[in-house]
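Worksheet: the structure to be examined is printed underneath.
The values are calculated or read from the model by the stated rules, or taken from the named source; none is laboratory data. Everything quoted here is computed from the prediction, not taken from an experiment. Virtual Cβ from ideal backbone geometry, glycine too; neighbours counted across all protein chains shown. Quick note on the areas: whole protein, heavy atoms, side chains included, nothing else; ligands and nucleic acids left out. Shrake-Rupley method; radii C 1.70, N 1.55, O 1.52, S 1.80 Å.
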Amino acid sequence: MNKTHMEDIIIHAVQTSPEVEPPVDLTRRIMSRLEPKRPPFWTRLRLWLLRPKVLTVRPITAIPALVMAMALLAVVYVIDNKPLENSGPRLATVRFIMHDADMHARNVSVIGSFNNWRADRSVMWYSRDAQAWILEAQLPPGDHEYLFLVNGKQLVPDPDAPMTSDDGFGNRNSIVFVNGEHEQTL
């Protein structure tokens, strides 16, 4: 017997069978056997948080809560604004000096590892008395490489630096050592 002949027999049996009403309590019996599926905890929590809630507050009960909240904020503010002892590395004042008696430079900046090699962060000022460009900067402890940037173009190592380092691009970077609160020299 082939497949189409079997399908024809089934179709004929369905078409010729009498229509019978299902029992009256069939739906109730099926539904009573089904157990409701409980959603996971996180889904229930999310639904609870997203469902609108009605909150009733009486002024007599809100006043103590507001007073407690303000007291807590005041305590946090006082604790947060206390100066911390030894909260980080102590900065040391380092003086950079580039002598320029003939005033060849129009502007000079110190660029280095301590200011991400940005000239706008460490612009020097010219002292006529010292005949030099001067900058005092606060630096954290460690060794810092730097150069003088003259007129926005020319890189000049510090001739008074105790040590230099090759930067890998054919230039020599000056090095300043800072230890605690003082600039160190070799």
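By its C-alpha gyration tensor, with a ≥ b ≥ c as the square roots of the eigenvalues, how is the range 1-158 shaped: rounded for a/c under 1.5, else prolate for a/b larger than b/c, else oblate? Because a/c hits 1.5 or more and a/b fails to exceed b/c, the range 1-158 counts as oblate.
The loop-placed chymotrypsin sites (Phe, Trp or Tyr not before Pro) in the range 137-170, going by DSSP, that have at most 10 neighbouring Cβ atoms within 10 Å of their Cβ come out as Phe169. Here the 3J(HN,Hα) profile of the range 112-127, calculated from phi with Karplus coefficients 6.51, -1.76 and 1.60 at θ = phi - 60°, is x, 5, 7, 10, 6, 6, 9, 5, 6, 8, 9, 7, 8, 10, 8, 9 Hz, Gly and Pro shown as x.
To the nearest ten degrees, helix 3-16 and the longest principal axis of the Cα atoms of the chain are 60 degrees apart.
Summing Cβ point charges (Lys, Arg +1; Asp, Glu -1) relative to the Cα centre of the range 16-128 gives a dipole of roughly 280 debye.
Under 5 Å between amide hydrogens, built in the peptide plane, is the criterion, and for Asp143 it picks out Val178 among residues at least 5 positions away or on other chains. Solvent exposure of the chain amounts to 83 Å² per residue of accessible area, where only protein heavy atoms count and the probe is 1.4 Å. The loop-placed trypsin sites (Lys or Arg not before Pro) in the range 102-186, going by DSSP, that have at most 16 neighbouring Cβ atoms within 10 Å of their Cβ come out as Arg106, Arg118, Arg128, Lys153. Once each of the GluC sites (Glu not before Pro) sitting in a DSSP loop with at most 13 other beta-carbon atoms within 10 Å is removed, the chain keeps 86-180 as its longest stretch. What trypsin sites (Lys or Arg not before Pro) in the range 1-96 are in a loop by DSSP, with at most 14 other Cβ atoms within 10 Å of the Cβ? Here the sparse-neighbourhood loop sites are Lys37, Lys53, Arg90. Think of the chain as a dipole: +1 on every Lys or Arg Cβ, -1 on every Asp or Glu Cβ, centred on the Cα centre; then among Leu49, Thr164, Asn179, Leu49 lies furthest on the positive end. Here the sum of -39500 (n - 2.57) over DSSP H runs of 4 or more residues, divided by the residues of the chain, equals -9500 deg cm²/dmol at 222 nm, to the nearest 500. Here's how it looks for Asp100: its modeled amide H is under 5 Å from those of Ala132, Trp133, which are all 5 or more places away or on a different chain.
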